[in-house]
Amino acid sequence: MKFKLFYCFLFLLLNINAFSKEPPITGTSNNGALNGTITDKSDSSAIVGATIYIPDLRIGINTDANGKYMLSDLPKGVYLVQVSYIGYATVNQKVSINENAVLNVQLNESSIEADEVVITGVSKATEIKRDPVPMLAVSKAYMDQHAASGNIIDQIANMPGISAVSTGPNVSKPFIRGLGYNRVVTAVDGIRQEGQQWGDEHGIEVDQNSIDRVEVIKGPASLSFGSDAIGGVVNLITAPPVPNGKILGSVSGIYGTNNGLVNGSLKLQGNNNGLIWGTVLSAKESKNYQNEHDGRVYATNFKEKDARVMLGINKAWGHSYFNASLYDDVQAIPDGSRDSATRRFTRAISDDDMEIVPASALNSYSIPDLHQHVQLYRIYNNSNFHIGNGNLLVNLGYQYSHRREFTHPEATDIAGLNLELSSYTYDLKYNFEIGNGYETTFGINGMYQHNGIGPGTDFPIPVYNQFDIGPFFVMKKTFGKLDLSGGVRYDTRSFSGKAMYLDTSNADFPKLYTGSNPEGAANVTQQFAALSKNFSGITGSIGATYNFSDKFLLKANIARGFRAPSIAELSANGADPGSQIYHLGNSNFKPEFSLQGDIGAFLTLPNISASAELFHNTIDNYIFQQQLLNPDGSPVTTQGYNTFTYVQTKARIQGAEFGLDIHPLPWLHFENEATLTYGTNLGNGSTVDNDLKYLPFIPPFHLHSELRGTFIKGFKRVNNLYCFVGFDHFNAQNRFFAAYGTETYTAGYNLLSAGIGASLVNASGKKILDLFIEGTNLANVNYQSNMSRLKYFDNPEVPAGVQPGIFNMGRNISFKLVVPFDLSPKTKNTGS
């Protein structure tokens with residue numbers, strides 16, 4: 001309790017400081033300004049509406065009717081400034097902001113994509129091409145054009161090196177180069193997401209409508225996130241503030257033909273002389289999805305509601321943003337059970353009886369009685385204070401995750417699983433320069449967690465407390481064409497929990513025993529022993545980028561990662577109906593350590609862009625699940641579920657990502673991306689059986705090709721017109737974790753997609769609406785992804801000649817409409 005009170009006091013103190021009256025400034029020496037003109041290089045004409053944005057300050061503005069802009073009341077210093085406009089090559093330039101800095105930029109029309117700027121895991125905003133750490137950025141434009149995906153993770157899952165384990169359209173978890181779950185940190189605005197990541201059957205608790213862009217770090221090179229980032233980081237970033245004097249918003253809607261997906265969202269943002277505010281309200285629901293093989297797949301429908309509010313201030317001393325959000329998802333739980341004669345889906349009407357699901361239920365938005373309810377409440381603050389010659393960044397967050405599974409057909413109001421996780425995260429770091437151009441960061445971050453258990457009947461993990469702390473140091477320096485970066489971190493994680501007992505007087509509905517003397521009480525059994533564990537480890541990263549020219553560069557990086565075992569891996573002892581297995585942990589585990597090397601080459605020519613990235617990752621004490629077998633080879637079952645425990649081994653993951661973009665004309669692109677990942681179990685010194693030689697959930701070779709036309713200026717009142725045809729090839733996956741039938745061979749398949757969209761403007765050029773249309777699996781192919789858990793959901797025995805499991809979604813056409821509006825007062829925009 002003392003820890004919670006201290007945390008809340010610190011959180012409140014920082015916000016009071018941030019929103020208090022700005023301290024007086026003596027003279028103008030502490031204030032800076034940036035102004036200039038943005039023009040077209042070909043004819044020197046003014047570019048109206050170009051965006052000038054300073055990521056580190058979270059300040060931006062658009063050019064006026066004369067192509068001019070002015071940003072005032074800025075802290076002095078050297079910052080990366082990004083100048084962009086649709087259809088032109090983005091310019092990123094470091095600028096020393098003083099009392100009256102000037103930056104005039106001439107933009108070139110270009111078919112080459114923007115040089116992306118990232119803020120995740122770096123001391124200051126950095127161009128991807130200059131940072132040795134392997135990473136990628138996904139823009140808002142890309143996500144708008146791929147709106148057919150049911151959730152934010154699926155929207156990025158086809159990017160090179162990225163995949164997703166899914167359990168239906170709204171349940172996906174990110175995998176980076178073959179690693180996922182507790183090995184990948186998912187963050188929102190740099191605040192790590194905490195919601196029982198070890199679980200299979202629930203997704204990432206984030207409203208996709210509130211996300212503006214995504215940044216991904218591939219591998220353990222990020223020293224800013226600590227344990228659990230051994231596989232990488234997915235940072236979901238909300239929209240930046242609108243320019244000063246503006247009140248802007250939009251109403252958007254998405255409809256998907258396959259499952260009747262309806263997704264609506266309202267956004268509104270304002271900026272009044274540095275007082276920033278915004279809100280996003282969203283709701284979506286769907287019916288069961290369908291394909292030709294299964295028809296409509298029972299229990300894949302969902303209903304989700306989301307809300308987010310933000311209030312902040314941005315002044316010369318820095319900025320502070322306070323955010324609060326709510327995620328509420330009611331999700332059906334598929335199990336794949338079918339009638340043995342007709343292969344139609346069945347549902348439980350009692351503990352012993354099943355019935356064929358009627359057509360009315362298959363084609364309904366109504367959520368079944370057996371479902372899960374996942375809620376996540378989040379409050380967090382991002383602050384940046386300019387102190388001395390540096391910046392103090394303070395990120396504080398609180399999250400409450402409540403996850404319930406209702407799995408009793410004769411008692412539908414009683415939860416089986418009922419987990420309540422409270423997480424307090426803290427992140428403090430100071431960025432400054434040592435000497436000439438040595439960008440330096442000292443920081444410390446971590447979290448405190450308490451996992452509680454509400455009234456329920458399933459208890460897969462115990463009540464526990466967890467505390468993480470990790471100091472770190474990062475430095476970057478540019479020597480002409482050579483960019484160097486490196487750092488070191490030390491992590492400590494501690495678990496503690498009391499012994500936990502169950503009252504089994506009612507065998508069908510056990511409950512927590514809260515009385516005294518549990519060892520002597522009747523019908524009381526011990527579910528969990530007391531737990532006290534501590535883990536620690538040193539990690540580090542060092543890398544270099546050599547820019548031979550503006551057209552060609554090489555990158556190399558080597559990083560050591562650390563991951564403490566999760567609570568499920570250490571002490572699980574219970575059924576999880578959503579995953580349909582009984583989990584057993586092992587309290588004797590050691591932490592995982594990895595060593596990953598990366599090398600990449602990048603070529604950018606006027607009509608062609610190419611890249612090749614290779615990686616090799618060795619992991620000691622890699623933890624995975626293994627099924628328990630009886631002496632006769634049959635599965636061990638507990639409470640009607642197959643029983644799995646966790647084991648450790650040495651593992652290796654290696655692969656490559658290739659890109660080739662041919663753009664012979666300014667408006668035409670032929671984009672190609674290939675991803676190859678191999679995961680191998682190296683064993684613990686003895687020969688590894690063939691069934692155990694590959695790691696689970698390793699994606700097969702994937703090739704994505706896309707022919708795209710983009711017509712920025714369009715014609716008459718239609719601009720930003722684009723269209724594309726895409727082709728995805730997935731190899732057969734014959735390198736799978738075959739032991740105990742955990743995974744099976746997955747046949748290869750090809751998918752066809754296409755999209756078209758444009759903006760409609762009025763006579764004065766003001767945007768009226770955006771329209772995005774995307775079709776996926778247009779050939780209506782019946783296929784199973786090896787990354788889909790539904791592939792293994794079926795009856796224990798399947799008739800001969802029938803492919804078991806559930807197939808992925810069939811043909812789907814998605815329509816997204818965005819109607820922007822402007823409620824700004826009619827005053828001159830002078831920047832902030």
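Every Cα-Cα pair of the stretch 210-310 was included, and the share exceeding 23 Å stands at 53 percent.
Over 19 Å apart at the Cα level, from the set Lys129/Lys218; Lys246/Lys766; Lys284/Lys767, are Lys284/Lys767. Dimensions of the stretch 598-713 along the principal axes, based on C-alpha atoms and rounded to the nearest Å, stand at 69, 34, 20, largest first.
Tell me the volume per residue, in Å³, of the convex hull enclosing the alpha carbons of the chain. Could you put the intermediate results ahead of the total?
On the way: hull volume 137.1 nm³, N = 832.
That works out to 165 Å³ per residue.
Rounded to the nearest whole Hz, the Karplus-based 3J(HN,Hα) values (6.51 cos²θ - 1.76 cosθ + 1.60, θ = phi - 60°) of the stretch 122-127 follow the sequence 10, 6, 9, 3, 9, 6, with x at glycine and proline.
Of all GluC sites (Glu not before Pro) in the stretch 738-832, which ones are in loop regions per DSSP and have a Cβ with at most 11 other Cβ atoms within 10 Å? Loop-located and lightly packed - Glu797. Among Met143, Met787, sorting on how many other beta-carbon atoms sit within 10 Å of each Cβ, with the fewest leading, yields Met143, Met787. For Lys693, the aspartates and glutamates whose Cα comes closer than 16 Å to its Cα, not counting residues fewer than 8 places off in the same chain, are Asp620, Glu743.
For Lys498, the lysines whose Cα comes closer than 23 Å to its Cα, not counting residues fewer than 8 places off in the same chain, are Lys2, Lys4, Lys511, Lys533, Lys590.
Shown here are the Rg and Dmax of the Cα trace of the stretch 681-752, at 21.2, 71 Å. Length available on full extension from Asp352 to Ile813: 0.36 nm per residue minus the Cα-Cα distance, which gives 162.0 nm. If the label point is 7 Å along Cα→Cβ of Phe670, which residues in the stretch 580-607 have backbone nitrogen under 14 Å from it? The answer is 607, whose backbone nitrogens lie closer than 14 Å to the label point. Pairing the Cα long axis of helix 2-19 with the longest principal axis of the chain, what angle in degrees results, from 0 to 90 and rounded to the nearest 10? Taking Cα atoms only, the helix is inclined about 20 degrees. Within the shell of other residues whose beta carbon sits under 15 angstrom from the beta carbon of Leu502, the net charge comes to -2, with Lys and Arg scored +1 and Asp and Glu -1.
When the chymotrypsin sites (Phe, Trp or Tyr not before Pro) in the stretch 524-617 are filtered for DSSP coil states and for at most 16 other beta-carbon atoms within 10 Å of their beta-carbon, the remaining sites are Phe548. Among the listed pairs Lys267/Lys816; Lys41/Lys315; Lys76/Lys267, which are separated by more than 22 Å between their Cα atoms? Listed pairs above 22 Å: Lys41/Lys315; Lys76/Lys267.
Here the scattering of the stretch 426-560 is modelled by Debye summation over its C-alpha atoms, one equal scatterer each and no solvent; at q = 0.11, 0.13, 0.16, 0.17 Å⁻¹ the log10 of I(q)/I(0) is -0.63, -0.73, -0.89, -0.96.
With a cut-off of 11 Å between beta carbons, the residues surrounding Pro804 carry a summed charge of +1, where Lys and Arg count +1 and Asp and Glu -1. The loop-placed trypsin sites (Lys or Arg not before Pro) in the stretch 690-719, going by DSSP, that have at most 11 neighbouring Cβ atoms within 10 Å of their Cβ come out as Lys716. Along each principal axis, taking the top coordinate minus the bottom one, the Cα set of the stretch 493-593 gives 77, 29, 18 Å in descending order.
In plain terms, the bigger the Kirkwood radius, the slower the diffusion; for the stretch 185-256, with that radius from Cα pairs, at 37 °C and 0.692 mPa s, Stokes-Einstein puts D at 228 µm²/s.
What the Cα convex hull of the stretch 385-501 gives, in volume per residue, is 146 Å³.
Within the shell defined by Cβ-Cβ distances under 14 Å, the residues around Phe593 carry a net charge of +4, with Lys and Arg each +1 and Asp and Glu each -1. Entry note, the chain: relative contact order of 11 percent, from Cα contacts under 8 Å with a spacing of 6+ residues. Taking a straight line from the alpha carbon of Lys68, these aspartates and glutamates sit under 20 Å away, with near neighbours fewer than eight places off in the same chain left out: Asp40, Asp43, Glu99, Glu109. This ranking places Ser84, Ser536 by how few other beta-carbon atoms lie within 10 Å of each, fewest first, which gives Ser536, Ser84.
Just so you know, all these numbers are worked out from the coordinates, no wet-lab data involved. For clarity, every value in this text was computed on a predicted model and none was experimentally measured. For neighbour counting, all protein chains shown are included, and Cβ atoms are generated from backbone atoms with ideal geometry for every residue, glycine included.
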